[in-house]
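*Asks:* Dropping a structure here in structure tokens format, bear with me for questions.
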Amino acid sequence: DLSEVHNALDSMKQAAAQDGISLNIVSDYRSFNRQLNIWNDKFNSFSGTEQEKVQKTAEFSTVPGMSRHHWRTEIDINSVDPTDFTGNGRYVNSFTWLKNNAERFGFCQPYDQDRDVVKTEPWHWSYKPISKQLTQQYSDTISAQDITSLGIRGENIIVSNFDFYQRGFINDINPDCLS
């Protein structure tokens, strides 16, 4: 239920504001076509072999059809630039606040560390009461055929390594988001 996600987010934003922290949505729900544009634009911006371009694109963007943003449970907060959340980055304080408080509002950070496919995304937060169920359902139902012949750049690499990418984008996440 989309209203449940937004109500939880609104409560979290209000609590953060009381602590002097501003939380702004950079991105939330993405249609397949929106994700396709993001993926293909990023893919086209890299040089190298098709495999290298898929790997580089996959570090911070998900193959359309496999994106958790399709579920309406995922929210990117404040920025999608990793440097904004480290060292003297402008969102270090908001990230610290989220790590300490987001769970109270039902949110977890699915990409909390570098893994085989996706790199750490300090901006990406998931509404766990709904997303933990969708993770398993989605994992059980998506297949390579679901993303074939849809205009996804690097499709041959993704389809031939489907299990690797499916696991990396959907299942290989912070265990706290699954419990």
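*Asks:* Please identify which residues in the range 39-75 have an amide N closer than 14 Å to a label point set 7 Å out from the Cα of Asp172, following the Cα→Cβ vector.
*Replies:* 55-63
*Asks:* For the range 122-179, which whole percent of the accessible surface, found with a 1.4 angstrom probe, sits on carbon and sulfur atoms? Walk me through the numbers on the way to the answer.
*Replies:* Working: 1300 of 2760 Å².
Answer for the range 122-179: carbon and sulfur cover 47 percent of the accessible area.
*Asks:* Here is a follow-up. Cross-link candidates for Lys53: which aspartates and glutamates have Cα within less than 17 Å, leaving aside residues fewer than 8 places away along the same chain?
*Replies:* Answer for Lys53, where 17 Å is the Cα cut-off: Asp41, Asp116, Glu155, listed by chain and number.
*Asks:* Right, next: For Lys56 and Asn100 in one chain, what is 0.36 nm times their gap in residues minus the Cα-Cα distance, to one decimal in nm? Intermediate values should be presented prior to the final figure.
*Replies:* Values: separation 44, 0.36 × 44 = 15.84 nm, distance 3.03 nm.
12.8 nm is the gain from fully extending Lys56 to Asn100.
*Asks:* I'd like the FRET efficiency for Ser139 and Val80, computed as 1/(1 + (r/R0)^6) with the beta carbon distance as r and R0 of 22 Å, rounded to 0.05. Before the final figure, lay out the partial values.
*Replies:* Details: r = 24 Å, r/R0 = 1.11.
About 0.35, to the nearest 0.05.
*Asks:* Please compute the Kirkwood hydrodynamic radius over the range 53-109, one decimal place, Å, based on all pairs of different Cα atoms. Working shown, then result.
*Replies:* Working: mean 1/r = 0.0763 Å⁻¹.
Averaging 1/r across every pair of different Cα atoms and inverting gives 13.1 Å.
*Asks:* Rolling a 1.4 angstrom probe over the protein heavy atoms, how many square angstrom per residue are accessible across the range 1-47?
*Replies:* Normalised by residue count, the accessible surface of the range 1-47 is 59 Å².
*Asks:* Turning to a different aspect of this structure: If you project the alpha carbons of the range 66-178 onto their three principal axes, what span does each projection cover, largest first, in Å?
*Replies:* 42, 28, 21
*Asks:* Just how far, in whole angstrom, is the range 47-94 from the range 107-153 if you go by their alpha carbon centroids?
*Replies:* 12
*Asks:* If you don't mind, there's one more thing I want to ask. Would you kindly work out the equivalent ellipsoid of the range 3-120 from its C-alpha gyration tensor and give its semi-axes, the square roots of five times the eigenvalues, largest first in whole Å? Intermediate values should be presented prior to the final figure.
*Replies:* On the way: eigenvalues 153, 59, 27 Å².
Largest first, the range 3-120 gives 28, 17, 12 Å.
*Asks:* Cα-Cα over 20 Å: which of Lys56/Lys128; Lys99/Lys119; Lys13/Lys42; Lys56/Lys119; Lys13/Lys132; Lys13/Lys99? Let's see the in-between values first.
*Replies:* Numbers: Lys56/Lys128 27 Å; Lys99/Lys119 17 Å; Lys13/Lys42 30 Å; Lys56/Lys119 10 Å; Lys13/Lys132 22 Å; Lys13/Lys99 14 Å.
Those over the limit are Lys56/Lys128; Lys13/Lys42; Lys13/Lys132.
*Asks:* Could you work out, for the range 118-179, what percent of all Cα-Cα pairs fall into each 5 Å distance bin, beginning at 0 Å and stopping at the bin that holds the largest distance?
*Replies:* 4, 15, 25, 22, 18, 13, 4, 0
The values are calculated or read from the model by the stated rules, or taken from the named source; none is laboratory data. Predicted model, so just to flag it, every value in this text is computed and none were measured. Note that we place each Cβ from the backbone using ideal geometry, even for glycine, and neighbour counts take in every protein chain shown. Note: accessible area is taken over every heavy atom of the protein model, side chains too, but ligands, DNA and RNA are not part of it. Shrake-Rupley method; radii C 1.70, N 1.55, O 1.52, S 1.80 Å.
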